[in-house]
Structure formats: structure tokens, C-alpha cells
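Each remark here refers to the structure printed beneath this line.
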Amino acid sequence: SQHYFIQSNLSRIDMVIDDDFVPTISIGPLFGSDKDAKMGVAQQIDKVCRESGFFYISDHGVDLNELFETSMEFLKTIKDEEKQRIAIAAWNPSNTKQIRNGFQPATPHKPVEMFCYLNPEFSEQHPAIVEGLPGHEVNVWPDEKDHPGFKEYCEEYYRKMVKVTTALLKGFSLALGLEEDALGDHFKQADTLSSAVFIRYPEMEDYPNIIIAEDGTELGYGAHQDVDLLVLLAQSNVQNLQALTGDGTYRDVPPNDTCFLVNAGTYMDYLTHGVYRAVWHRVKHRNIDRLSIPFFVNLGYHDAPQPFYPTTTEPTETCEKKESVRNKPLKYGHFLQKGLRDLIVSNGQR
């Protein structure tokens, strides 16, 4: 069981890192037309998704230094009254339409701050907004006078991430034995429920409410699986993540501030009948000012691809037996609603 206590003046400890645990895969070929080169990437993705479940992607084409500078500048300079004005409904009940998008201010018990925004295509005229479909919201933004260009940067970053994800999904589709656009056909700029989140973990003299795991590890966020199709994470070069291994222990995920860290979410797990698992992971407490910027990859609300058994090396009769036990198609919007609710109950609003 987990409990909470106050820890003062936590010293910084150098971490032992296992570089072989989380490989780096160049996704450059996935933007091109060379089928053999794409298959080479797909084979690497398949291998790691059946093992640790975490890998970095390089040659993604996104300027991560600009991302870190822009997000840190915003999180350090936004005024308290502005935080409250654009806060999500859990912090500002008057913002009834902001369940997902907006600011989450720090509290005395949880000093982490974050800003989440959704698909810039979601305007007041978007069919899903007009219909009032859950999960769809028109983004709120800080005052342009105080944060010039911030909205434009965020919207452009989101569109870049859609392009990166579209390429990456080609690799995943090929890795799973599908046509290269099989997953991408359900991931569209026009209606994706994906979210971008800028999270700042501050450095503090007296850090409140550190979680202690059963194995004694101090945590900033407890063990969880990600509720989505995939996660692409940009982060400061500070070791903090741990992934659960097959022997039931947690191993450090090495940091890398030039690549995105990728892992499968619970919807990918469901689609592939657990072949590409949503690996349990947790965030260690590190009392260092740092950024964590996940892009949570989600399909459209009405998308419900047919779950399948990926290409495997198992005997044919085993696969035929498996084929008789299939997960049913699950509408993505329903999956996301329930999954996010459960995550908040287990680990708190994030």
C-alpha cells in the first residue's frame, strides 16, 4: 500500500541507467516511400513492443529545444489570476465546458502545474462541438498581450505532432502485419481526440506529499497505464521514469531530451489482445525543476477498429484457437471517457 509523508531537503542522487533497456529507433524512413526501409523500422518497433514496451524515436523533425523554451517560459510567467481564468472545471467550477483543456494550477499538496490543450480544429462550428460530444472542447488560451505567439506556436506544434504520429502509425501498422495505413485511417487531424500537455515539476525546499511505493521508491506520480493509443513524450534530461519488467520489478528509463519516448496505451493493448502491452510505469520524485510534455495519441470519437491478433511466430493452430476469442470493437470515445475517469480515481487529477 502507498502512503504520503513530508520530505525535506531531498538530495540529488546520480542514477544507474541501462541504455539497452530502451532503444532509439530512427523513424526518418516512415516519412518516405521506401517500403523496405519502412519494414526495417517496423521490425525494430515490433521487437521492443514485445519486450520493454518503451523506445525513443529520432529523426522526427520537431525542434525540441524550442518546445522546452516556449513551454517553460509560459509556465514560469503566467500570472495567478490568468491560471484561474483558464483553469479546468475541477479547479474553476465556472468553466463548465473545460473538462480536459485548460490550466491545472499547483496546490499546497501537489506543486506540479500543467496546461493541456486539444485539437485546434475543434472550433465552435466543429460538428462534434455543435453536437456536444464528450471529450471535444474549444481550447482556451492565455492573454495574447502577456504571451504573444503562444497560441500560434501551440497549434502549430499540435499539427506537427499529428504528422509525426501519422508517420509512426505506419511503422506500427507494418509491425503488426497490417497495411501501412491501417491504423492511420482512424487517426485524422479533423477529429482526433489527442491532447498536448505541458507539465512543470518545480524544485522546492520542502516538497509536500511524496508518495512512497511498496519497494520504498519515492514517487512523483504513482504506477499507471496510459489511457490512449500511444504516448509520445518530450522531457528534460533528468531521469525520472520507471517501467515495470516481466519479473515484477521497476527499471529506470534513461532520459533523452532530443528524442520522443514512445509507449503503447491501453487501447493498443486492447486492439492487439495484449501483444503490444500497455506497460505499467511510474514517475520517481526528483526535486529538480524539469519539464514533461506528453502528446497523448487518441483516435476519433466514433472510431472503433476491429481488434486483431498480430502476426506472430506461434504455431498456426494456436493462432486459430485465439481467433475464436476476439475483443469486440470498442468505440474510442467511450473507451477514453471511462479510462480517464478511472485514472483520476486511482491517481488523482492530472
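The values are calculated or read from the model by the stated rules, or taken from the named source; none is laboratory data. Keep in mind the model is a prediction, meaning the values are calculated, not measured. Neighbour counts run over all protein chains shown; Cβ positions are idealised from the backbone, glycine included. Accessible surface areas use protein heavy atoms only, side chains included; no ligands, DNA or RNA. Shrake-Rupley method; radii C 1.70, N 1.55, O 1.52, S 1.80 Å.
Computed values, structure above
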| item | result |
| --- | --- |
| Residue tally, condition among the basic types (Lys, Arg) and either within 19 Å of Gly135 (Cβ to Cβ) or open to solvent by less than 30 Å² (accessible area, probe 1.4 Å) (or both), over segment 69-101 | 3 |
| Some residue of segment 165-184 being under 21 Å from Arg290 (Cα atoms), within 21 Å of the chain's Cα centre (by Cα) and at pLDDT 95 or above | no |
| Cβ-Cβ under 7 Å pairs, at least 6 apart or on other chains, segment 158-169 side in a helix (DSSP H, G or I), far side among the acidic types (Asp, Glu) and crowded, with 18+ Cβ neighbours inside 10 Å | none |
| Glu137 more than 28 Å from Asn237 (Cα to Cα), touching a residue at least 24 places away in the same chain (Cβ under 8 Å) and out of contact with any His (no Cβ under 6 Å at 6 or more places or on another chain) | yes |
| Any hit, segment 232-250, residues being free of Cβ contacts under 8 Å to residues at least 40 places away in the same chain and surrounded by 14 or more Cβ atoms within 10 Å (Cβ to Cβ) | yes |
| Enumeration of residues in segment 184-199 that are out of contact with any strand residue (DSSP E or B) (no Cβ under 6 Å at 6 or more places or on another chain), under 22 Å from Leu340 (Cα atoms) and surrounded by 17 or more Cβ atoms within 10 Å (Cβ to Cβ) | His186, Phe187, Asp191, Thr192, Leu193 |
| Residues (polar (S, T, N, Q) and touching a residue at least 40 places away in the same chain (Cβ under 8 Å)) located in segment 277-309 | Asn287, Ser292, Asn298 |
| Matching residues in segment 45-97 - criterion: being among the polar types (S, T, N, Q) and either under 22 Å from Lys163 (Cα atoms) or touching a residue at least 60 places away in the same chain (Cβ under 8 Å) (or both) | Ser52, Ser58, Asn65, Thr70, Ser71, Thr77 |
| Number of positions in segment 256-276 that are in contact with a strand residue (DSSP E or B) (Cβ under 8 Å, 6 or more places away or on another chain), in contact (Cβ under 8 Å) with a residue 60 or more places away in the chain and under 22 Å from Gly220 (Cα atoms) | 7 |
| Residue check for Lys110: assigned to a loop (DSSP other than H, G, I, E, B) and in contact with a strand residue (DSSP E or B) (Cβ under 8 Å, 6 or more places away or on another chain) | yes |
| Residues located in segment 200-231, provided they are touching a helix residue (DSSP H, G or I) at 6+ places or on another chain (Cβ under 6 Å) and surrounded by fewer than 16 Cβ atoms within 10 Å (Cβ to Cβ) | Gly222 |
| Complete set of residues in segment 222-254 that are within 24 Å of Glu69 (Cβ to Cβ) and either at pLDDT below 95 or touching a Lys or Arg at 6+ places or on another chain (Cβ under 9 Å) (or both) | Gln235, Ser236, Asn237, Val238, Gln239, Asn240, Leu241 |
| Evaluation of Glu121 against (1) farther than 16 Å from Tyr301 by Cβ; (2) surrounded by fewer than 20 Cβ atoms within 10 Å (Cβ to Cβ) (one fails), failing number | (1) |
| Yes/no for Val164 being open to solvent by 10 Å² or more (accessible area, probe 1.4 Å), at negative phi and either in contact with a Cys (Cβ under 9 Å, 6 or more places away or on another chain) or of a type outside the set (Ser, Thr, Tyr) (or both) | no |
| Selection from segment 320-341 of residues that are open to solvent by less than 70 Å² (accessible area, probe 1.4 Å), farther than 20 Å from Leu183 by Cα and at pLDDT 85 or above | Gln337 |
| Given (1) open to solvent by 10 Å² or more (accessible area, probe 1.4 Å); (2) within 23 Å of His109 (Cα to Cα), number of the condition Pro255 does not satisfy | (2) |
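Quick grid of which residues meet (1) within 15 Å of Tyr56 (Cβ to Cβ); (2) of a type in the set (D, E, K, R); (3) surrounded by fewer than 22 Cβ atoms within 10 Å (Cβ to Cβ):
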{"position": "Asp269", "(1), (2), (3)": "no, yes, yes"}
{"position": "Arg286", "(1), (2), (3)": "no, yes, yes"}
{"position": "Asn298", "(1), (2), (3)": "no, no, no"}
{"position": "His302", "(1), (2), (3)": "no, no, yes"}
{"position": "Pro305", "(1), (2), (3)": "no, no, yes"}
